[in-house]
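> The structure's right below; bear with me while I get my questions together.
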Amino acid sequence: MTTRPDATGSDIVRPDGVRPAAARPDARWVITAATGVVIILAVLGILMAGGYDTPRALAALWNGAFGSPYALFSATLVRATPLLFVGLAVGIAFRAGVLNIGAEGQLLAGAAAAVAVGLAVGAFPSLVALPLVLGAGALAGSAWAGIAGWLKLRFGVLEVISTLMLNFVAAYLVSWLVRGPLQEPTRVYPQTVELAPSVHLPALITGHRLHLGLLLAIGLAVATWWFLTHTAAGFRVRAVGAGIGAARSAGGINPSRTTALVFLASGALAGLGGASEATGVTFALYEGISPGYGYSAIAVALLARLHPLAIMLSALLFGALEAGAAAMQRDANVPSVLASVVEALIVLGVLAFDHTRARGRYT
Amino acid sequence: MSDSALALEAIDKRFGEVQALRGASLTVRRGTLHAVLGENGAGKTTLMRIAFGLMPADAGSVRIDGTPVTLASGADAIRRGLGMVHQHFTLVPAMTAAENIALGGRGRLELRAVAERVHALGERTGLRVDPSARVASLGVGAQQRVEILKALYSNARVLILDEPTAVLTPPESEELFAWLRRFVAEGGTVVLVTHKLREALAVADDVTVLRRGECVLTAPAAHLDMIALVRAVTGDEATEPFSMPDIEARAGSPPPTIPRTRNRGPCVARLAGVSARDARGVERVREVTVDCFAGEIIGLAGVEGSGVHELLRLLAGRLAPSGGVATLPPRIGFIPEDRLRDAVIEEFTLTENVALRGAGRRRGRMPWPALASLTAGLMERHDVRAPSPATRAGALSGGNQQKFVVGRELDEHPTLVVAENPVRGLDIRATTHVLRELACSAEAGSAVVFYSADIDELLPLADRMLVVFAGRVREVPVERTAVANALVGAA
């Protein structure tokens, strides 16, 4: 017999048999927009309270993000690309109820594997080398997430803890690689040698840093959306996330199997993000290769309410925010950590509103 | 001092477009047992939640012992001597009975003192519970006693019980009512929210009936009979025999005849010497042999902990046997007891919930247009009232959700139907509908296994009765005393 809080809802029924929902699906997006407005006001408040030249700071923010072709094609979209990969990784995991907060570690594993393979296959033609390199990144990300998945399914280890801890392990692994087996031959700098041009992702626009990775990520966003909404396997992912008991009992779904697949798919997406970053932007492996994309990913995915197509927009927004914040620091002396503050506010805002909504449903 | 222990006057409550309560009033005299009746959605639970301070009313007043009060929370209500036992218990399974009872306390926690007080309270009131037992290990009846003790521990003088017998077996229900009568005789006050009219007539001093948010009847139980209650509850004049199996059986008249040919077909499912363990590895079913024949309804009874739930899951193919051989047909319809946990996903649409069936084996793409029209047809055939197949399942009332589940599981004429407490918590109309669906399913050639915690629901429908006791199954005659005796292991 089950023991649980009185959450079966009210006794209220309209004549047509429908119990009123406190917030309808469309209302969620209104709430999201409201969160945005609150956050913008908070940022303005911080700027003014800090005694900064607010108009100048805001102008720098805008110009740094969208003000010029350079801002858009060499800053905003370049930063949005890895965010889109890891945002999708977190999004698909959360949809299945897998709280993978280790996209950072999976991205690093993907970047490390991509560079390692890239150094080995540099002599091959691009058409052969690039798929190998990207495949290695995806595989490494999968394997890294797979460790947490195995721990969860075999021993019941909470993935929130294992994926988070594995982030640190991955970061130190990268440190060791770039000071040890993969270090450049002069042994001066803690980084690898630059990858051969045959394993560089081609630029999309001549003279700008934007690379093919963005198209790959957009393709994956659409594919993820299609997978979740149109395939049986994607439906199982959503069912396990939304109601594991009913998925098992009414659907005959094996939740462990679905969960395992989600760990691997999520890790692969993050790993690809790392590979795309290494072959499209940095062309080498070094310690600071990710400024915390894997952590921002959580905010990216939550703001988009885990919807793969909306994740494209939120990744763009966060890419712009980070690019703009860098410009704001240069031009108006506002610390760029403001971007992190905004990310944190977004996560808190989304969670707080979700909480209100959940409570509203039952009273 | 007023002689009303609890009085709600002209309560209005609106949820969005829905007027849940319309000037509802309820006066509970001190030292009485007051039954509140009504269909699902009549506003019973809302009224009780307002009385207990769990939600504010839009208009109207609440008085406790004649004093107008504004209750901000359940804790407020408890301080003023109210206690509530919810339909779904609010206990922490991993904690002991004493720890659960101590939960609402303040300051230093002295568990031994709490346990002693609980023990003494149990001795004094007759609600015996082992204070050191983990709640998860207690049966449903014992969990309910813990809930009541929790209320009494905070000195509740007015107890509100929401559908307390929904999960109890008949002997447990009788025990509960005997206890409630004693509590009332000693000056306590009880508000009993229930669907079961016979129950209300048998134990209540006063009865209030809610319909569509309004109080349509308040009278001493002695002045009422079943017919008057049915009319008040449904607002209907018509009472055709088969539409009211619930009422007829409870009113003590002969069980309604079900228009069935009762042709027993071939054996479609067989458990041969099957044993099974629960999630904790305890053997619950011991070398049981059961044959299910096409076209028959097997009534299954068993108290909590007897292994009846494991047996149902074995038959439904949801639990693998630890020994013996289970031969089951490929198409099985399963209606589990805990709908929101095991049958529907509230945030999914109805179409998605239909798609859930067989999702584990499905390959390739989801045929959404076909699934949507299947859902629309299913809603039509099984009287599921919702705007469209794209409505979220969570937006439906409990009765409609259950009709939806029954429809989904029966629509493709499964070879075997396993129904676990399928009418628990449903109002008369939904109950009738579900029972009729089960009967029709058997008529159409399915083997039906129907378990209910309420013998009176089983007897009119069952062709055979099986009773589970201590992990073993016994076939008994389809009659009340035989079943009641077998339930407790008596010959």
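Where a number appears in this text, it was derived from the coordinates with a stated rule and is not lab data. Quantities reported herein were computed from a predicted structural model and do not represent experimental measurements. All Cβ positions, glycine included, derive from the backbone under ideal geometry; neighbour counts span all protein chains shown.
> So what does the Cα-only Debye profile of the stretch B:365-417 read at q = 0.16, 0.17, 0.20, 0.28 Å⁻¹, as log10 I(q)/I(0), no solvent term?
For the stretch B:365-417, the Cα-only Debye profile gives -0.47, -0.52, -0.71, -1.15.
> Using just the C-alpha positions of the stretch B:1-77 as equal point scatterers, what log10 of I(q)/I(0) does the Debye formula give at each q in 0.22, 0.24 1/Å?
Taken in order of the listed q values, log10 I(q)/I(0) reads -1.03, -1.20.
> Over its Cα atoms, what ratio of radius of gyration to 2.2 N^0.38 Å does the stretch A:25-362 give?
That works out to 1.01 for the stretch A:25-362.
> Per residue of A:225-236, what is the mean number of Cβ atoms on other protein chains within 10 angstrom of that residue's Cβ?
The shielding value for this peptide is 4.
> Roughly how tilted is helix A:308-332, in degrees to the nearest 10 and between 0 and 90, from the longest Cα axis of chain A?
50 degrees
> Next up: May I ask for the Kirkwood hydrodynamic radius of the stretch A:217-363, worked out over all distinct Cα pairs and given in angstroms to one decimal?
Its Kirkwood hydrodynamic radius stands at 17.7 Å.
> Binning at 10 angstrom from zero up to the longest distance, how are the C-alpha pair distances of the stretch A:162-209 distributed in percent?
23, 29, 31, 16, 0
> Given all pairs of different Cα atoms, what value in angstroms does the Kirkwood hydrodynamic radius of the stretch B:120-238 take?
15.7 Å
> With Rg and the Kirkwood Rh both taken from Cα atoms, where does Rg over Rh land for the stretch B:371-491?
Using only Cα positions, Rg/Rh for the stretch B:371-491 is 1.04.
> On to the next question. Counting pairs of Cα atoms in the protein assembly as shown, how many percent are more than 37 Å apart?
Roughly 54 percent, rounded to a whole number.
> Let me make sure I get this right: for the stretch B:114-168, a, b and c are the square roots of the gyration tensor eigenvalues over alpha carbons, sorted descending. Under 1.5 in a/c it's rounded, otherwise prolate if a/b > b/c, else oblate. Which is it?
The shape class here is oblate.
> Could you tell me the distance between the Cα centroids of the stretch A:29-57 and the stretch A:110-176, to the nearest Å?
37 Å
> Quick check: Cα centre of the stretch B:1-80 to Cα centre of the stretch B:406-442, how many Å?
34 Å
> How much of the pair distance distribution for the stretch A:60-177 lies past 21 Å, counting alpha-carbon pairs only, in percent?
50 percent
> Only Cα pairs within less than 10 Å get springs; with that Gaussian network setup on chain A, which residue of A:Gly51, A:Gly67, A:Gly87 has the largest fluctuation?
A:Gly51
> Using the Kirkwood radius over Cα pairs, work out the Stokes-Einstein diffusion coefficient for the stretch B:43-100 at 37 °C and 0.692 mPa s, in µm²/s as a whole number.
D = 258 µm²/s.
> What translational D, rounded to a whole number of µm²/s, comes out for the stretch B:4-240 from Stokes-Einstein when the hydrodynamic radius is the Kirkwood one over Cα pairs, at 37 °C and 0.692 mPa s?
179 µm²/s
> Would you list A:Tyr189, A:Tyr293 from fewest to most Cβ contacts within 10 Å?
The most exposed by this proxy come first: A:Tyr189, A:Tyr293.
> Please arrange A:Tyr286, B:Tyr153 by counting, for each residue, the other beta carbons lying within 10 Å of its beta carbon, fewest first.
A:Tyr286, B:Tyr153
> May I pose another question? Quick one: Debye curve from the alpha-carbon atoms of the stretch B:436-477 only, equal weights, vacuum; give me log10 I(q)/I(0) at q = 0.20, 0.29, 0.33 Å⁻¹ to two decimals.
Results for the stretch B:436-477 at q = 0.20, 0.29, 0.33 Å⁻¹ read -0.68, -1.13, -1.24.
> Roughly speaking, what % of Cα-Cα pairs in the stretch B:300-455 are separated by over 21 Å, rounded to a whole number?
45 percent
> On to the next question. Direction-averaged shadow area of the convex hull around the Cα atoms of chain B, nm²?
24.4 nm²
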